1. Would you please put 139-146, 25-32 in order of how densely packed they are, using the mean number of other Cβ atoms within 10 angstrom per residue and starting with the highest?
2. Going by how many other Cβ atoms sit within 10 Å of their own, how do 6, 46 line up, fewest first?
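What follows is calculated from the coordinates using simple rules that are stated; it is not laboratory data. In this text the structure is predicted, and so the values were computed from the model without any measurement. Every residue, glycine as well, gets a Cβ built from its backbone with ideal geometry; the counts of neighbours run over all protein chains shown.
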Amino acid sequence: MKTLALDMGSKRIGLAISDDAGTFAFPSGKLDRKGRKVDLESLATLVEEREVKRIVIGIPLHMNGRPGKGAEAAHAFAKDLSVATGISVDTIDERLTTVEAERALTATGRRAKKQREVIDSVAASIILSTYLSMQENLAERARASDPEESDS
């Protein structure tokens, strides 16, 4: 199932999308923020064009796990995006994904200016990879606890 991940920022939204099987995450650029209505319309168009079936948004929590203003804004955006697309939107803790993305890009030898151009998309792909792994783990647990599955 194709999944879209969003890394919410005040100026840009990082995008990542999975393959059709929902196994691999690929950075897919960024969306420059132009206002809530335009952003939602742009994402709804993307969802339709790319035949996305699931959406996940990274929620920025403080290091102690408590939500702040950014988390509240991301939750509100998730609700609005669900209405705009007709798809339920999941959320996931995104603490340190930007730091992880910066480290990954630095390791590839990219210059700082070039990093800023792709960091949001790489952070979104980290969010998506984490989400896809969690979904697979849940599916494996469900299969393991299903008595009909174990009888086969």
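1. Ranking, from highest mean packing down: 25-32, 139-146.
2. On the way: 6 28, 46 17.
Sorted ascending by nearby Cβ count, the order is 46, 6.
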